[in-house]
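Q: Before I ask anything, here is the structure I am working with.
The values are calculated or read from the model by the stated rules, or taken from the named source; none is laboratory data. In this text the structure is predicted, and so the values were computed from the model without any measurement. Quick reminder, even Gly has a Cβ in these numbers, built from the backbone with ideal geometry, and neighbours come from all protein chains shown.
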């Protein structure tokens, strides 16, 4: 273990406020190819995204409320007010800049299945509906 912290932050989850830190580890063998690498805590990285002070559970909750219930950002913030200190603009940022890219990465794992279905059925027809932006948001 190294004698310094790579990061030390306060993370808000739906259940608690946590102090999360990561002390990196390294391979003590100087002949090892990974000797110069610093390995950070996998457990710590599973609590919150890099650079964020909100837990993945908060992100998932925001995404679910927006995607499934179609809640406005103000409604989501109001619903989280008893559990998490967050502004409406930060709810919007987390949804657009963190949640949606994570969702896209998750859905990419199904591309092979989608390609197989397209081959099997002779192609895909994609329909788009309801493209009017909500509240002046970009598409």
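Q: Do we have any residue at all in the range 109-118 that's farther than 26 Å from residue 46 by Cβ and surrounded by 13 or more Cβ atoms within 10 Å (Cβ to Cβ)?
A: The answer is no, given that none of the residues of the range 109-118 is farther than 26 Å from residue 46 by Cβ and surrounded by 13 or more Cβ atoms within 10 Å (Cβ to Cβ).
Q: Please list, ordered by first then second residue, the pairs with beta carbon atoms under 8 Å, 6 or more apart or interchain, first in the range 27-40 and in a loop (DSSP other than H, G, I, E, B), second at pLDDT 80 or above and exposed (fewer than 11 other Cβ atoms within 10 Å of the Cβ).
A: Matching pairs, first to second residue: 27/34; 35/29.
Q: Which one of these does residue 76 not meet: (1) in contact (Cβ under 8 Å) with a residue 24 or more places away in the chain; (2) surrounded by 19 or more Cβ atoms within 10 Å (Cβ to Cβ); (3) assigned to a helix (DSSP H, G or I)?
A: (1)
Q: Looking only at the range 6-26, count how many residues are surrounded by 13 or more Cβ atoms within 10 Å (Cβ to Cβ), over 17 Å from the mean Cα position of the chain (by Cα) and in a loop (DSSP other than H, G, I, E, B).
A: Selection size over the range 6-26: 4.
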